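Written out below as structure tokens is the structure these notes cover.
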Amino acid sequence: METGANIKWASAIIGAEQYKTEMILDSHSLIADEPIDNGGKDLGPSPSDFLRMSLASCTAITLRMYANRKGFDVSQIEVKVRMEEVENKTVFHRQVNITGNIDEQQRKRMLHIANACPIHKILTNPIEVQTQFT
């Protein structure tokens, strides 16, 4: 989680072109858009796609860091995430596929570590969004 001097503002800029949005963070720039059936041109992932990709990539990176630190024989980690609305709440479904030679105890530990990734923690704790117009 970013604190103090490490706080970075992510920017999203949308012009008149429906719904193409340029997202900027430092030297990185990405395009977000809506699918064609939502009135966009499908020029990039939708905001909810980026949210799912954030959880998937954070999980994969966290697992890779742990596997490397522990010396686990892991050649690839694939994480898939989908989400759905169920009874007025959002449910994330995450599938993790680890390719390599790990035993059941290591696999259980990796599950625990997946649940400790920073984005998982953000999504499973209370969230507050403060908005101000400038």
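None of the figures in this text is laboratory data; all of them are computed from the coordinates on show. If you're wondering where the values come from, they're calculated on a predicted model, not measured in any experiment. In this analysis, Cβ positions are derived from the backbone assuming ideal geometry, glycine residues included, and neighbour counts consider all displayed protein chains.
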Lysines with Cα under 21 Å of LYS41, excluding same-chain neighbours fewer than 8 positions away: LYS20
Candidates ALA116, ALA16, ALA56; GNM for the chain (alpha-carbon contacts under 10 Å) flags as most fluctuating ALA16
Distance between modelled label sites at LYS121 and LYS8, nm, 7 Å Cα→Cβ extension: 1.8 nm
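In debye, nearest 20, what is the charge dipole magnitude of the stretch 47-124 about its Cα centre with +1 on Lys and Arg Cβ and -1 on Asp and Glu Cβ, if you could check?
260 debye
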Taking the chain as the reference, fit the longest principal axis to its C-alpha atoms, fit the long axis of helix 104-114 to the helix C-alpha atoms, and give the angle between the two in degrees, 0 to 90, nearest 10. 20 degrees
Calculate for the chain the 222 nm mean residue ellipticity that helices alone would give, adding -39,500 (n - 2.57) per DSSP H run of length 4 or more and normalising by residue count, nearest 500 deg cm²/dmol. -10000 deg cm²/dmol
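Charges at C-beta only: +1 for Lys and Arg, -1 for Asp and Glu. How large is the resulting dipole of the chain about its Cα centre, in Debye rounded to 20?
700 debye
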Which one, VAL91, CYS117, PHE133, projects farthest toward the positive side of the charge dipole computed for the chain from Cβ point charges (K/R +1, D/E -1)? CYS117
Among ILE61, ILE36, ILE98, residue whose mean-square fluctuation peaks in a GNM of the chain (springs only between Cα atoms under 10 Å): ILE36
